[in-house]
1. Hey, can you grab everything whose amide H is under 5 Å from the amide H of residue B:129? Only 5+ residues off in sequence or another chain; H modelled, so Pro and N-termini drop out.
2. Whose amide H sits under 5 Å from the amide H of residue B:291, counting only residues 5 or more places off or on another chain, with H placed in the peptide plane?
3. Of B:193, B:158, how do they rank once you tally other Cβ atoms within 10 Å and put the fewest first?
4. Taking 56 Å as R0, compute the FRET efficiency from the Cβ-Cβ separation of residue A:41 and residue B:132 and round it to 0.05.
5. To the nearest whole number, what is the average tally of beta carbon atoms from other chains within 10 Å of the beta carbons of peptide A:196-203?
6. Tally Lys/Arg at +1 and Asp/Glu at -1 over every other residue whose Cβ is under 10 Å from the Cβ of residue B:341; what's the total?
7. Once phi is turned into ³J(HN,Hα) by the Karplus curve 6.51 cos²θ - 1.76 cosθ + 1.60 with θ = phi - 60°, what whole-Hz value does each residue of region A:259-267 show in order, with x for glycine and proline?
8. Assuming R0 = 25 Å, can you tell me the calculated FRET efficiency for the pair residue B:151 and residue B:181, based on Cβ-Cβ distance, to the nearest 0.05?
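Just so it is clear, none of the values below were taken in a lab; they were calculated from the coordinates. Here the structure is a predicted model, which is why all the values come from computation and not from measurement. Don't worry about glycine lacking a Cβ; one is built from the backbone with ideal geometry, like all the others, and counts go over all protein chains shown.
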Amino acid sequence: MQATLSRRAFVSYATRRKLVPYAYVAPAMALFALLMLYPMIAVFRYSLMDGAIIKRNPTFVGFANYVANFENPVFWQAVGQTLYFTSLSVIFHLAIGMGFALLLNSPLVNPTLRSLLRTLYVLPWLFTAVIIAIIWRLLLDPEGVINAILMALHVVGHKVEWFSSTTTALDALTFVNVWAGYPLYMVSLLAGLQGVPKELYEAAGIDGANAIEKFRFITVPQLTPIIISIALLDFIWTMQVFPLVWTITGGGPIYSTEVMSTYTYKQAFADYDFSMASSSAICILLMSLSATYFYVKHQKAQ
Amino acid sequence: MAAVSLRGLKKNFGAVSVIKDVDLEIGDGEFVVLVGPSGCGKSTILRMVAGLEAISGGEVRIGGEVVNDMSPKERNIAMVFQSYALYPHMTVRENMGFSLRLARAPRAEAAAKIKRAADILGLGELLERKPRELSGGQRQRVAMGRAIVRDPAAFLFDEPLSNLDAALRVQMRVELAELHNRLGSTMIYVTHDQVEAMTLAQKIAVFNQGRLEQFATPADLYNRPRNLFVARFIGSPQMNVLQGRVKAARDGRVAVSLAHGGEIAVESGPLPLAPGQPVQVGIRPEALAPADEGALVGSVRLVEYLGGLTMVHVAHGAEESFVVQLPGDFRAGLGDTVRFDAAASGVHLFDAGGLLVAAGTR
């Protein structure tokens, strides 16, 4: 019997095979270009103009908006406060997340208590920024519960205005952000801890390691890839945090909690100076990119 | 180096008793293999010696000292795990030197010990590599190197060769035996592979369901298994077991008539046997030889040619069958009727409860 070959296609099989992958990624690339690339280019273009969006015929001013920002002390205050807020958040997220993960992974803790704690510790993650803001503004109100407790314990002598004093506002805000963000670390590190082979700890125990040495020589190196990944992601995300800051302090009092995101927002929607806001936004982008660079490098090394 | 002794050792997981009253004396410098089917508790015993598993009852002594309440670290033992448990982020050198580093040993001394172990195991070239860059056999060696460096009171091996391919396993077995000859240390080795047990051990402890069935030299286990379980577990291929009844017992000999025809004679053992008593007849496959007037008759069911040897599976009566190990040039067709005689030295009698009642002697 004669087998019939199907009619030859117009485009050769080899060429089609080469084109197919591009066809698969094309929709995603189109969306990316429309929703990410175009706005980014537009913002960059606005940042080089004077009175973009507002004026009928905005003029090209080069880097004048950037220079104006760099000459503004509030800009530098916001940059410094963003880095302070971000660094402390990442460090404490890691420390608290690791502590709770170790606790939840410990066979010494009763399993029922462990599952109860696991639920409790994840709670902050379930609240949106606005809810968190309301909770903590109430708790840290001068007439609030925290002050009452601290005064009863004689830790503080007077009612501290946590969010209304320039000396405490940034630290109080950082504290709230730490509270709101550690569960991601806890959950990731717990998953990581559960993946560390038990034999490694047993072998280390036989080799003479105590609990601290096991943590240092087994746990930490085993979790390093996870720690680096989430710490870098957290760094990028925290640097851009807006809702929490805006709903708790709005950047005040007197710029004492001004971060890059609130600084930019005010330029855009309080001053209606979209060109200045665009130049600030590009600065945030560059700061985030530097962290992203390390993240990508780390991911490649994996 | 030290002797290890287990006295009345017990382990319970909740209400389940997994180790039942085990007594075992392992002499200084002895190579002892704990063997048994999976789930028999051999690994649990090893882990109790290592201090990785709590002891529910009885005691473990290392070098005469009761170590029940000591941490693994204080027991001065080294262990090679089935998974090797190498520290993945450390180089071979760091893996081997980890215990010395923790003990804060002087640098020069640690380097010398690592070098000695690396020389013994031929790891000199690999010291700067990470475990993931090594083959299975090399990882195995690093795990042993980590143990050697510590100069421990006893080496514990938990199925160390089971993750290797067959050829490598044979090679590492030889290396392990040589290592023991060279170091002369006490070694306790867990395996479910009776060939490994027979070739490596000076003495073998056979376990079944948490009980020590027999503790003896390989030759004793093979020639005088205390019960049917040990008889079946030791020796490859497995001992054949046929049902029979004592026909006559006199003048130091027992004649047994088999359920499916044939008669076999054995030198009588320690226990008196009464005519008519049911017995189980254990015959080693290698003790059978073709004979024209042979007492064991059957038809060929399957022939396995292994090159140097041929295994012939023979159906004996309706329900029983046995295996015969013959020279490689033996040829038989399926369904052929074959007759065999058993060498008296390879025949054992067990009573209905499985205890040895008579064994052929060599």
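1. B:92, B:93
2. Counting only residues 5 or more places away or on other chains, the set is B:339, B:340, B:341.
3. Working: B:193 17, B:158 23.
Final ranking by Cβ density, sparse to dense: B:193, B:158.
4. Values: r = 44 Å, r/R0 = 0.78.
E(calc), rounded to 0.05, equals 0.80.
5. On the way: counts 0, 4, 3, 9, 6, 2, 9, 17.
Mean inter-chain Cβ contacts per residue within 10 Å come to 6.
6. Numbers: positive: B:339; negative: B:292, B:293.
With Lys, Arg at +1 and Asp, Glu at -1, the net is -1.
7. Taking θ as phi minus 60°, the curve returns 10, 4, 5, 6, 4, 5, 4, 5, 4 Hz for region A:259-267.
8. Numbers: r = 17 Å, r/R0 = 0.67.
It comes out at approximately 0.90.
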